[in-house]
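S.K.: The structure under discussion is supplied below as structure tokens; questions concerning it will follow.
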């Protein structure tokens, strides 16, 4: 328990020292979450767009 | 069009749960962890992709069983539709996982057994589509792809659930069952995680039903 706490504390401390000047890691990596949520949303929208296009093509062929 | 009749509640649940998950996912408190930092919130969006994929593949596998026992082509169309939507969710899971891995584990792809297992699973299911498209006879196509689909699902279970737990893995739950591990997820995370899983599963069912109508119409033409 205590050892775990010390390791956690140390890794937290080291992490601050090696943190890159990378905008994506800024503000506690919240931008990673935004990117992932965007990828999922855009992926779903593109997929729905493709389904709609197929339906439209089928209507045209009728 | 009878497939679309029962969708009302599924749509309602899907939309409300996902709105809740996206608001709660960004705003609610999460435990402060080193390295992960705020990116623990990706859990709400990355893991439900896999839950949805596995759920849809299970439905697809059941429909393949139905086709083999009842010999009606609609079951094969159903299982094909559910598989195609499931593979789409699998790709979203891989993409979101790669982004998460880059900023926490340091690279887009590690040789983690869970990553490789899910990649192999997706490849197995991609060859399901190849197999289907290579056979022109309708009945033969349905028969062979149903059998292959059941085989593919029984390959998924060891590749995703069993093998990664037997070795060291960067994912939580290696050498144990992550579902019952109280240390990996606390109640704060669960409050958004489970609604998000349900919301994405309902969304997957919704998309599948739409695609099913499309595929049935395509078969009739």
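S.K.: Which one of these is over 23 Å from the mean Cα position of the chain (by Cα) and outside any loop (DSSP other than H, G, I, E, B): B:150, B:139?
M.R.: Testing whether each residue is over 23 Å from the mean Cα position of the chain (by Cα) and outside any loop (DSSP other than H, G, I, E, B) leaves just B:139.
S.K.: Answer yes if at least one residue in segment B:43-52 is more than 21 Å from residue B:91 (Cβ to Cβ) and either modelled with pLDDT of 95 or more or in a helix (DSSP H, G or I) (or both), and no otherwise.
M.R.: no
S.K.: Here's a follow-up. Checking the conditions here, which among A:42, A:55, A:51 is more than 8 Å from chain B (Cβ to nearest Cβ), surrounded by 10 or more Cβ atoms within 10 Å (Cβ to Cβ) and over 17 Å from residue B:39 (Cα atoms)?
M.R.: When all the criteria are applied, what remains is A:42.
S.K.: Name every residue in segment B:23-48 that is facing another protein chain (nearest Cβ under 7 Å) and either under 20 Å from the mean Cα position of the chain (by Cα) or touching a residue at least 40 places away in the same chain (Cβ under 8 Å) (or both), in order of residue number.
M.R.: Listed by number, the residues that qualify are B:35, B:39, B:41, B:42, B:45, B:46.
S.K.: Which of the residues that make up segment B:154-170 are buried (at least 17 other Cβ atoms within 10 Å of the Cβ) and modelled with pLDDT under 80?
M.R.: B:165, B:169 - these are the residues of segment B:154-170 that are buried (at least 17 other Cβ atoms within 10 Å of the Cβ) and modelled with pLDDT under 80.
S.K.: OK, next. Take residue B:60 and tell me if it is within 18 Å of the chain's Cα centre (by Cα), touching a residue at least 24 places away in the same chain (Cβ under 8 Å), farther than 12 Å from residue B:149 by Cα and surrounded by 20 or more Cβ atoms within 10 Å (Cβ to Cβ).
M.R.: no
S.K.: Another question about this same structure. For the condition surrounded by fewer than 19 Cβ atoms within 10 Å (Cβ to Cβ) and at positive phi, what is the one hit in B:68, B:35, B:73, B:23?
M.R.: On inspection, the qualifying residue turns out to be B:35.
The values are calculated or read from the model by the stated rules, or taken from the named source; none is laboratory data. Quick caveat, the model's predicted, so the values are computed rather than measured. For neighbour counting, all protein chains shown are included, and Cβ atoms are generated from backbone atoms with ideal geometry for every residue, glycine included.
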